[in-house]
Amino acid sequence: MKKRLIIIGAGGVGNVVAKKCARMDDIYEEILLASRTVAKCDAIAAEAGPVPMKTAAVDADSVEEMVTLIKQFKADLLINVALPYQDLPIMQACLQTKIHYLDTANYEPKDKAEFEYSWQWAYQDRFEKAGLTALLGSGFDPGVTNVFTAYAAKHYFDEIHYLDIVDCNAGDHGKAFATNFNPEINIREITQNGRYWKDGTWIKTKPLEIHQDIEYPQIGARPSYLLYHEELESLVQHFPTIKQARFWMTFGQQYITHLQVLQNVGMTSIEPIEFQGMQIQPLQFLKAVLPEPSSLGEGYQGETSIGVQLRGIKDGKERTVYIYNNCSHQEAYRDTKAQAVSYTTGVPASIGARLMALGTWLEPGVWNMEQFDPDPFMELLGKLGLPWEIEIDGELAFDHKE
């Protein structure tokens, strides 16, 4: 029986998810695309198909509105590509209406630049008792990077000891300063303290304090900065042999200079200030004047390269594995009118939902991507636009010599 799918969010990622899912007429009967701005949904729906797509306006902060929408549409599954602040109310609405849930980024509160899985993991018993599946972080990082790690653990390692996730965007959008996904979330992520896992504890670093040049396939060396990223939290829990886990992301000097200036004048703050008799967050105002990420696709040149570099043991011998995807901004735009950062998040969300709709990845409870069999996901990844490469026992960017 075909499924009825709701997608919440009509930004750059929502555009990709909607268009990819609307091509899956073998499993979806009808799709409802909803966001705060229905005009964005209408524009996407006009370019999507062959699965019929309806649109609606909804405030995803409101459990009541979400419940009403889900009941009216009679949905089976929901993909959440709205803001991370809205994860919990959307999960609550799914529990009340008894439908399955998927997102691409973990919850973080509006008033605190902190993201962790504890808030969503706390829903484990409720989803399990309801017989519902909640799949967390089905984007690229988190998401594909989790699956890459699980795939390597299944096929190439007895124990993984070192994990480095490396994320490079070598594209050029031609803007003086812009973020490739929601500016509010992007800037909060970059300006907070870094963290990495080492020998059973979290080591804190100052924002962008640790950096080094990393060589990326088909791109070359790029300055890469250590950040904290949410998939580290679940990966070190589900692969307890990991001694060290880190996340690296590239930034150009122009981007960092702009960011430093904006920080220095207080524009990246999430502390409310009074302006003309109103309370506003400077960062939310900055978001309003920066280019909309979904508008960056046309003319975007270059490519992204995201992967996992792993070192561990197989049959008593040291082994290295590097699994990665390179994604062209131009190819992403040709396929979905999106830039590659939106594309690399949206395609995995559509795959995770497909595996849930087929019953392949469906088990009551709250799950991270690496907890399911990686093989069906890896098989679909290239077919749906994100081909991957694997290098066994090659040279990595990090030697990890004790």
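Take every Cα pair under 8 Å whose residues are at least 6 apart in sequence, average their separation, divide by the length of the stretch 68-174, and the relative contact order is 22 percent.
Among the listed pairs Lys2/Lys40; Lys204/Lys383; Lys198/Lys314; Lys129/Lys383; Lys3/Lys40; Lys110/Lys383, which have their C-alpha atoms separated by more than 28 angstrom in this model?
Numbers: Lys2/Lys40 26 Å; Lys204/Lys383 39 Å; Lys198/Lys314 21 Å; Lys129/Lys383 35 Å; Lys3/Lys40 24 Å; Lys110/Lys383 37 Å.
Check vs 28 Å cut-off fails for Lys204/Lys383; Lys129/Lys383; Lys110/Lys383.
Would you compute, from DSSP H runs of 4+ residues alone, the mean residue ellipticity of the chain at 222 nm, taking -39500 (n - 2.57) per run and dividing by the full residue count, rounded to the nearest 500?
Values: 14 runs with 136 residues, N = 402.
That calculation yields -10000 deg cm²/dmol at 222 nm.
Surface exposure of the chain, expressed per residue as accessible area with a 1.4 Å probe, stands at 41 Å².
Report the antiparallel proportion of the DSSP beta bridges in the chain as a percent, rounded to a multiple of 5. Antiparallel bridges make up about 60 percent of those DSSP assigns within the chain. The orientation-averaged projected area of the convex hull spanned by the Cα atoms of the stretch 307-402 comes to 8.5 nm².
What would the Debye formula give as log10 I(q)/I(0) at q = 0.10, 0.12, 0.15, 0.21 Å⁻¹ for the alpha-carbon point model of the stretch 1-92, no solvent? The Cα Debye sum returns log10 ratios of -0.21, -0.30, -0.48, -0.96. Considering only Cys168, Tyr343, Thr37, whose Cα is most displaced toward the positive end of the charge dipole of the chain, charges sitting on Cβ of Lys, Arg (+1) and Asp, Glu (-1)? Result: Thr37.
Ordered by solvent-accessible area of protein heavy atoms (1.4 Å probe), largest first, the residues Glu395, Glu159 come out as Glu395, Glu159. When the Cα positions of Leu310, Thr201, Leu358 are compared along the charge dipole of the chain, Leu358 comes out farthest toward the positive end, with charges on each C-beta of Lys, Arg, Asp and Glu. Approximating the spin labels as points 7 Å out from Cα along Cα→Cβ, the Glu128-to-Arg334 distance works out to 4.8 nm. Quick check on the stretch 24-63: take the gyration tensor over C-alpha atoms, sort the square-rooted eigenvalues as a ≥ b ≥ c, and tell me if it's rounded (a/c under 1.5), prolate or oblate. Oblate, because a/c is 1.5 or more while a/b does not exceed b/c. When the Cα positions of Tyr28, Ile7, Val51 are compared along the charge dipole of the stretch 1-52, Ile7 comes out farthest toward the positive end, with charges on each C-beta of Lys, Arg, Asp and Glu.
For the chain, the convex hull spanned by the alpha carbon atoms encloses 138 Å³ per residue.
Taking 25 °C and 0.890 mPa s as the conditions, I'd like the Stokes-Einstein D for the stretch 1-154 in µm²/s, using the Kirkwood hydrodynamic radius from alpha carbon pairs. Don't jump to the answer; show the numbers that get you there.
On the way: Rh = 15.8 Å.
Once the numbers are plugged in, D ends up at 155 µm²/s.
So, with +1 on the Cβ of K and R and -1 on the Cβ of D and E, and no other charges, what is the size of the charge dipole of the chain about its Cα centre, to the nearest 20 debye? Dipole about the Cα centre, nearest 20: 700 debye.
Given a cut-off of under 8 Å on Cα pairs at least six residues apart, what relative contact order in percent is computed for the stretch 325-402?
Working: 44 pairs, mean separation 24.6, N = 78.
For the stretch 325-402, the relative contact order is 31 percent.
Using only Cα positions of the stretch 46-103, each an equal point scatterer, no hydration layer, compute I(q)/I(0) via Debye at q = 0.24, 0.29 Å⁻¹ and quote the log10 values to two decimals. Treating every Cα as an identical point scatterer, log10 I(q)/I(0) equals -1.00, -1.29.
Which whole-number percentage describes the relative contact order of the chain, with Cα contacts under 8 Å and a sequence gap of 6 or more? Spell out each step's value before the answer.
On the way: 863 pairs, mean separation 79.6, N = 402.
Relative contact order comes out at 20 percent.
Of the solvent-accessible surface of the chain, computed with a 1.4 Å probe and all protein chains present, 48% belongs to carbon and sulfur.
Principal axis extents of the Cα atoms in the stretch 111-164, from largest to smallest and rounded to whole angstrom, are 35, 32, 19.
Stokes-Einstein D for the stretch 187-244 at 37 °C, 0.692 mPa s, Kirkwood Rh over Cα pairs, in µm²/s? It would help to have the intermediate numbers written out before the result.
On the way: Rh = 12.7 Å.
Answer from the Stokes-Einstein relation: 258 µm²/s.
When the Gaussian network model of the chain links Cα atoms closer than 10 Å, the mean-square fluctuations of Ile79, Ile313, Ile242 top out at Ile313.
The values are calculated or read from the model by the stated rules, or taken from the named source; none is laboratory data. In this text, all values refer to a predicted model and were calculated from it rather than measured experimentally. Glycine gets a Cβ as well: all are built from the backbone with ideal geometry, and neighbour counts include every protein chain shown. Protein only, heavy atoms only, side chains kept; ligands, DNA and RNA dropped before computing areas. Shrake-Rupley method; radii C 1.70, N 1.55, O 1.52, S 1.80 Å.
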